[in-house]
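See below for the structure under consideration.
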Amino acid sequence: MEENKKWGISLLALVSICLIGVGAIVAGIDPFFHYHKPLKFLSYPLNNERYQNDGIVKHFDYDAVITGTSMTMNFKASELDELFGVHSVKVPFPGAMYKEINDNLEKAVEANPGIRLVVRGLDKLWLLEDPEETGYDKDSYPAYLYDDFLYNDVYYVLNKEVLLNNTKGVLGYTRSGQKTTDFDAYGNWMYAFSFGKDAVDAVYHRVDKVSEEQDVTDSDFQMLRDNLTQNVTDLAEAHPEIDFYLFFTPYSIYYWDNLNQTGTLKKQLAIEEEAAQILLEYDNIYLFAFSDLFEMICDLDNYKDELHYSEEINSRILQWMSQKEHLLTKENYREYYDRISEFYTAFDYEELF
C-alpha cells in the first residue's frame, strides 16, 4: 500500500512537472502576445486576428492604430506611417460589429497612453445595430485572452492546439529564416481573390424588388445614437488628445442595388446622414466619406464582391485622409448627402444586369 502511494505521488509529481514545463514553454514563447511583446530572437507569424490583436495593443510599441473590419485589412501600416509621421499597428477584426472594435480600442488606450492617431473604418452595415451586439459566438471566443483572470489562462498555456500549432509554429517560422509578419501583410487578403464584374456577379444574390420603401423610425435613430455613443464617441470624448480618423466604408454599386431592391435605400441614407451629424460634434473626430466618387463605386474592377474593395482603394483612403480630401464637415455634409441621394435614387440599376 505504501509503495502504491509513493508511486502515485511520483506520477502526480511527474505530470505536474510536465504541465508546468508545457505552460512555461507556451508562456515564454507566447505566440498570442498575452504576456509580452515578441522576443527579439524569434520570428512570429501574425495570422489570427482575434487571438493576437489583444496582445498586440497591450504589448507592442506604437502611437497609432488602424482598425476596423475586413474593409481595413488591406491597409498598409507603412503607408500610414510615412504619410502621418507615426509608428502604427494594424488590428482588424473581420466581420466585427462596432462593440468588438471599440472594446479593443479601449484596451489599446488603457495600455498605451502615447496613442495619438486612430484610423478606423465604420461599416455602414452596422450603423443600425444594438450597441451590445458583437456578431461572434461567445462560446467559441477566446475570452481567456481578453480578461485579467490568471486562473483561466490554463486554456492558453495548456492548450494542445496552441502548443503544437502556434507555439511550434513560431519555432518553425524562425528556423525557416522568415521575419515576424509586418503590419502591411497582417490580415491582407488582396491576393486570395479575383476582382471585377464576373467575380462580383458570381457571389451576388439579387433579390426581387419590393414595392414599398421602409421608413426610419424614432427607435431606429435612438439605436443609432446609442451605438455610436457607446462604441465610437465616448472614447473620443474621453481622449481629446487622440485624433480619430473615421471613414464610412465605400461599398460598390451592387450594395446600393441591394438597398434599392429591398426598399431600404432612403432609410440607409437617412441613417448615415444622422450618423455624420452626431460624429461631427466632436473636434477630434475627422469623418471621411467616399460614396460620391461615383466612378470608383461603379467600377467593379475595384471589388471582389458587393462590399470588399482592393488594397489600392485602401491606399487612396490614407492619401485622401492625409490631405483632408473627402472630409465631411458641419458645413458640407448635407450637400454631400444630397449629392449621393440624388445619384443612387435615380441610378438605373437594371443596366448592371
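Where a number appears in this text, it was derived from the coordinates with a stated rule and is not lab data. Predicted, not measured: the structure shown is a model, and the values here were computed from it. We place every Cβ from the backbone using ideal geometry, glycine too, and count neighbours over all the protein chains shown.
Where a Cα-Cα gap under 17 Å defines reach, which aspartates and glutamates qualify for Lys160, not counting those fewer than 8 residues away within the same chain?
Output for Lys160: Asp30.
Ratio of the stretch 202-244's C-alpha Rg to 2.2 N^0.38 Å, to two decimals?
On the way: Rg = 17.7 Å, N = 43, 2.2 N^0.38 = 9.2 Å.
Against the empirical 2.2 N^0.38 Å value, I get 1.92 for the stretch 202-244.
Only Cα pairs within less than 10 Å get springs; with that Gaussian network setup on the chain, which residue of Asp301, Asp338, Asp54 has the largest fluctuation?
Highest fluctuation among the options: Asp338.
Return the sequence-ordered ³J(HN,Hα) values of the stretch 263-280 in whole Hz as given by the Karplus equation 6.51 cos²θ - 1.76 cosθ + 1.60 applied to θ = phi - 60°, using x for Gly and Pro.
Along the stretch 263-280, the couplings run x, 10, 5, 5, 5, 5, 4, 5, 5, 5, 5, 5, 4, 4, 4, 5, 5, 6 Hz.
Which GluC sites (Glu not before Pro) in the stretch 151-239 pass both tests, a DSSP loop state and at most 16 other beta-carbon atoms within 10 Å? Spell out each step's value before the answer.
Details: sites: Glu161, Glu212, Glu213, Glu237; in loops: Glu212, Glu213.
Within the stretch 151-239, the qualifying GluC sites (Glu not before Pro) (loop, at most 16 other Cβ atoms within 10 Å) are Glu212, Glu213.
Hand me the trypsin sites (Lys or Arg not before Pro) from the stretch 33-79 located in a DSSP loop with no more than 15 other Cβ atoms within 10 Å, in residue order please.
Listed in order of number, the matching sites are Lys40.
List the lysines whose Cα lies under 23 Å from the Cα of Lys99, skipping any in the same chain that are fewer than 8 positions away.
Lys58, Lys90, Lys107, Lys124, Lys138, Lys267
Give me the percent of Cα-Cα pairs in the stretch 227-352 that sit more than 18 Å apart, rounded to a whole number.
On the way: 4409 of 7875 pairs.
Percentage above 18 Å: 56.
Say each of Gln319 and Asp348 gets a label point 7 Å from the Cα, pointing the same way as Cα to Cβ; how far apart are those two points in nm?
3.2 nm
In terms of modelled amide H atoms, which long-range or inter-chain residues lie less than 5 Å from the amide H of Leu122?
Placed amide hydrogens put Phe247, Phe248, Thr249 under 5 Å from Leu122.
How large is the translational diffusion coefficient of the stretch 66-164 in µm² per second when you combine the Kirkwood radius over alpha carbon pairs with Stokes-Einstein at 10 °C and 1.306 mPa s? Don't jump to the answer; show the numbers that get you there.
Details: Rh = 15.5 Å.
In µm²/s, the coefficient rounds to 103.
For the stretch 258-300, report the % of Cα-Cα distances exceeding 12 Å. The partial results should precede the final answer.
Numbers: 641 of 903 pairs.
For the stretch 258-300, the share of Cα pairs beyond 12 Å comes to 71 percent.
In whole Hz, what ³J(HN,Hα) sequence does the stretch 56-62 give by Karplus (6.51, -1.76, 1.60; θ = phi - 60°), x for Gly and Pro?
Per residue, the Karplus-derived 3J(HN,Hα) values read 4, 6, 7, 10, 7, 9, 6 Hz.
Using a Gaussian network for the chain with springs between C-alpha atoms less than 10 Å apart, which of these wobbles most: Leu39, Leu307, Leu318?
It is Leu39.
Find the relative contact order for the chain and round it to a whole percent, using C-alpha pairs within less than 8 Å whose residues are 6+ positions apart. List each step's numbers first, then the result.
Values: 527 pairs, mean separation 71.3, N = 353.
That works out to 20 percent.
I need the shape label for the stretch 289-337. Rule: rounded when a/c is under 1.5, else prolate if a/b > b/c, else oblate, with a, b, c from the alpha carbon gyration tensor. Provide the component values of the computation, followed by the final result.
On the way: a/c = 2.98, a/b = 1.54, b/c = 1.93.
Judged from the Cα gyration tensor, the stretch 289-337 comes out oblate (a/c at least 1.5, b/c at or above a/b).
In whole Hz, with x marking every Gly and Pro, tabulate ³J(HN,Hα) for the stretch 90-96 from phi via Karplus 6.51 cos²θ - 1.76 cosθ + 1.60, θ = phi - 60°.
Karplus-based 3J(HN,Hα) across the stretch 90-96 equals 10, 10, x, 10, x, x, 6 Hz.
State, in angstrom, two size descriptors of the chain derived from its alpha carbons: Rg to one decimal place and Dmax to the nearest whole number.
My reading of the Cα-based Rg and Dmax gives 23.5, 89 Å.
Give me the distance between the Cα centres of the stretch 28-44 and the stretch 242-256, rounded to whole Å.
So the two Cα centres are separated by 34 Å.
Per residue and in cubic angstrom, what volume does the convex hull of the Cα atoms of the stretch 97-238 have?
Numbers: hull volume 31.7 nm³, N = 142.
Cα convex hull per residue, to the nearest whole number: 223 Å³.
Using amide H atoms built 1.01 Å from N in the peptide plane, name the residues 5+ places from Ile66, or on other chains, whose amide H lies under 5 Å from its own.
So Ile66 has HN proximity to Val89, Lys90, Val91, Val119.
Considering the chain as a Gaussian network with a 10 Å cut-off on Cα pairs, which listed residue, Ala108, Ala27, Ala192, attains the greatest mean-square fluctuation?
So, out of Ala108, Ala27, Ala192, the one fluctuating most is Ala192.
In deg cm²/dmol and to the nearest 500, what is the mean residue ellipticity at 222 nm of the chain if only DSSP H runs of at least 4 residues count, each as -39500 (n - 2.57), divided by the residue total? Can you show the working numbers first?
Numbers: 14 runs with 152 residues, N = 353.
Roughly -13000 deg cm²/dmol at 222 nm, from the helical runs in the chain.
Separation between the Asp299 and Asn152 pseudo-spin-labels, each 7 Å from Cα along Cα→Cβ, expressed in nm?
Modelled inter-label distance: 4.7 nm.
Taking amide H positions as placed in the peptide plane 1.01 Å from N, state which residues far from Tyr303 in sequence (5 or more) or on other chains have amide H under 5 Å from it.
Long-range HN contacts for Tyr303: Gly196.
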